[in-house]
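A.B. asks: Before anything else, here's the structure in question.
The values are calculated or read from the model by the stated rules, or taken from the named source; none is laboratory data. None of the values given here were measured: they were computed from a predicted structure. Positions of Cβ are backbone-derived with ideal geometry, glycine not excepted, and every protein chain shown enters the neighbour counts. Remember, those area values only see protein heavy atoms, side chains included, never the ligands or the DNA or RNA. Shrake-Rupley method; radii C 1.70, N 1.55, O 1.52, S 1.80 Å.
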Amino acid sequence: MNWQKVRTLLITVLLLCLIPATRYYQIDVPLLRFLKGSRQVDPLALHLSGEFVENNLGTEQGPDGSVTVRMIAQQYLFIPHCILVPAGVPVHLRITSADAVHSLTFNGTDYAVKVLPGTISDAQLEFPHPGEYQMPCREFCGAGHYAMRSELKVVPREQFPVLRPEERGNCAAQ
Amino acid sequence: MQRNRHRRFSFSVWRLPRLAGVIVVASSLLLLASDNRPDRIPSYVSWTPETIAAASAGDAFRGMLLARHCDHCHGAEGFSAVASTPNLVRMDKLAIWKQLEDFRAHKRTSRVMEPISESLSPRDVADVVAYYSKLPVFTDPQDNRSFPQSRPDPAHAGIASRLISFGDGERGIPPCQTCHGPVAYRPGVPSLATQNADYVLNQLEAFASRARANDINEPMRTIAALLTEDERHALAEYYGAGLGLQPGSSK
């Protein structure tokens with residue numbers, strides 16, 4: 001073993017040590033973020049790109065029938081203001097905040113989803129009974145907090161329409 | 001030894017076209033598989049600290065000279081002569097800045113303001129905005145301004161003052177004054193205390209019909225669509241009469 005090999009080995013070991021170090025010191029590595037599918041979002045730029053652009057909000061139906069709901073919480077509104085989901089089907093909720101801490105609750109159920117700016121809150125929800133539910137904010141978020149609520153419409157599975165991509169947000173039209 | 005090494009690094013003439021073919025096929029497959037709807041972006045403005053610093057670094061004196069081009073429609077004292085044109089007196093600087101940026105990016109449509117905003121440099125915009133945000137409200141008007149208009153009838157004033165101070169919790173309508181002042185402001189939200197009735201009504205109707213769609217995360221499109229026709233008229237009359245100045249004012 002000559003000294004060049006020792007040197008190469010040392011450098012390799014040091015470089016390998018950098019990987020756990022980035023994790024330990026919480027250094028942002030874009031490549032790792034890309035590979036992991038990060039839950040970090042920029043709260044000030046939700047409308048510019050990514051998952052929460054305005055034509056991507058609302059109820060999305062996957063090709064396998066799975067239901068994903070994407071929402072933004074902002075002082076003092078949940079956007080979109082009305083959500084349509086089928087009854088008895090697991091709903092994947094993805095929500096993030098554009099400013100303060102909010103909490104999305106569903107009247108008539110015991111679900112509560114904490115919404116923080118900068119992160120995506122994930123939740124698997126299921127609504128067995130069709131009906132209309134109010135979704136108030138339960139975390140004091142500012143002067144208009146008490147008026148912050150939106151509506152959830154749960155329809156029987158057979159009545160749930162096949163949503164085209166441009167129909168995600170329009171619950172009122174249903 | 002020499003021949004072996006040569007063979008290892010030999011490069012086929014066909015390798016490059018083949019690679020290009022594979023890339024083209026793979027990328028077209030990926031494009032077909034992905035949901036390639038274009039993103040609908042309401043506005044390119046994002047309220048980062050850098051944006052706010054750039055928008056508020058204007059020179060109000062230079063802005064005063066530039067703003068003489070705006071006098072014809074927006075009035076020499078910031079009060080417009082025609083009620084469908086917005087008053088700019090004491091308007092929040094970020095609010096005007098954002099609208100000019102949106103006109104420039106054609107995110108908000110106006111036959112008048114789009115060409116004007118294209119002719120302004122970023123420095124011009126910051127200067128004009130600084131001038132209007134510092135413009136005092138003259139008590140003795142020199143020109144025939146459209147503001148304030150006559151008082152609304154008491155029934156309308158009651159509806160409007162309730163919506164402005166408390167909103168409507170049942171329908172999920174937040175109070176106007178928590179964003180449009182004077183209780184609290186958000187960056188880029190216009191102050192409505194000295195706004196014309198016709199302009200407020202036009203904008204509420206444009207938001208409700210989604211003809212105007214440059215509000216970030218669509219708060220105004222949502223709220224304007226929740227309001228009834230009567231409530232939109234009531235709010236416009238209330239603000240147009242200059243009654244939106246006091247916090248929580250009720251009649």
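A.B. asks: Tally up the residues in region B:165-179 that are open to solvent by less than 30 Å² (accessible area, probe 1.4 Å) and out of contact with any helix residue (DSSP H, G or I) (no Cβ under 8 Å at 6 or more places or on another chain), please.
C.D. replies: Number of matching residues: 1.
A.B. asks: Restricting to region A:64-86, name every residue that is under 19 Å from A:Glu126 (Cα atoms) and either assigned to a strand (DSSP E or B) or without any contact (Cβ under 8 Å) to a residue 12 or more places away in the chain (or both).
C.D. replies: Matches in region A:64-86: A:Asp64, A:Val67, A:Thr68, A:Val69, A:Arg70, A:Met71, A:Cys82, A:Ile83, A:Leu84, A:Val85, A:Pro86.
A.B. asks: Further question on the same structure: Being open to solvent by less than 20 Å² (accessible area, probe 1.4 Å), closer than 25 Å to B:Arg171 by Cβ and either within 12 Å of another protein chain (Cβ to nearest Cβ) or without any contact (Cβ under 8 Å) to a residue 24 or more places away in the chain (or both) is the requirement here; does A:Leu152 meet it? Working first, answer last.
C.D. replies: Working: open to solvent by less than 20 Å² (accessible area, probe 1.4 Å): yes; closer than 25 Å to B:Arg171 by Cβ: yes; either within 12 Å of another protein chain (Cβ to nearest Cβ) or without any contact (Cβ under 8 Å) to a residue 24 or more places away in the chain (or both): yes.
Taking the combined requirement at face value, the residue satisfies it.
A.B. asks: Among the residues in region A:164-174, are any open to solvent by less than 20 Å² (accessible area, probe 1.4 Å), touching a strand residue (DSSP E or B) at 6+ places or on another chain (Cβ under 8 Å) and modelled with pLDDT of 90 or more?
C.D. replies: Checked against the condition, which is being open to solvent by less than 20 Å² (accessible area, probe 1.4 Å), touching a strand residue (DSSP E or B) at 6+ places or on another chain (Cβ under 8 Å) and modelled with pLDDT of 90 or more, region A:164-174 yields no hits at all.
A.B. asks: Can you pull out every residue in region A:60-78 that is more than 8 Å from chain B (Cβ to nearest Cβ) and within 12 Å of the chain's Cα centre (by Cα)?
C.D. replies: The answer is A:Thr68, A:Val69, A:Arg70, A:Met71, A:Ala73.
A.B. asks: Do you know which of the residues in region B:181-230 that are free of Cβ contacts under 8 Å to residues at least 60 places away in the same chain and of a type in the set (Asp, Glu) is nearest to A:Gln75 (Cα to Cα)?
C.D. replies: Going through the qualifying residues, I end up with B:Glu205.
For every residue, the table says whether it meets (1) open to solvent by 30 Å² or more (accessible area, probe 1.4 Å); (2) more than 14 Å from chain A (Cβ to nearest Cβ); (3) in a helix (DSSP H, G or I); (4) acidic (Asp, Glu).
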| site | (1), (2), (3), (4) |
| --- | --- |
| B:Gly158 | no, yes, yes, no |
| B:Leu163 | no, no, yes, no |
| B:Asn217 | no, no, no, no |
| B:Ala224 | no, no, yes, no |
| B:His233 | yes, yes, yes, no |
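A.B. asks: I'd like the residue in region B:34-61 that is polar (S, T, N, Q) and within 14 Å of chain A (Cβ to nearest Cβ) and, out of all such residues, is surrounded by the most Cβ atoms within 10 Å (Cβ to Cβ). Spell out how you get there, then give the answer.
C.D. replies: Step one: of region B:34-61, the residues polar (S, T, N, Q) are B:34, B:36, B:43, B:46, B:48, B:51, B:56.
After this cut, where a residue has to be within 14 Å of chain A (Cβ to nearest Cβ) as well, the list is B:34, B:36, B:43, B:46, B:48, B:51.
Details: B:Ser34: 8, B:Asn36: 8, B:Ser43: 20, B:Ser46: 15, B:Thr48: 13, B:Thr51: 18.
Selected residue: B:Ser43.
A.B. asks: For region B:62-88, which positions are in contact (Cβ under 8 Å) with a residue 40 or more places away in the chain, among the hydrophobic types (A, V, I, L, M, F, W, C) and surrounded by fewer than 23 Cβ atoms within 10 Å (Cβ to Cβ)?
C.D. replies: Correct list: B:Met64, B:Leu66, B:Ala67, B:Cys70, B:Ala76, B:Ala81, B:Val82, B:Ala83.
A.B. asks: Return the pairs, sorted by first residue and then second, in which the second residue is among the aliphatic types (A, V, I, L, M) and in a loop (DSSP other than H, G, I, E, B), the first residue lies in region A:130-147 and is under 19 Å from A:Lys114 (Cβ atoms) and in the same structural domain as A:Tyr111 (by TED's automatic domain parsing), the beta carbons are less than 6 Å apart, and the residues are 6+ apart or on different chains.
C.D. replies: The qualifying pairs are A:Cys137/A:Met148; A:Glu139/A:Val101; A:Cys141/A:Ala100.
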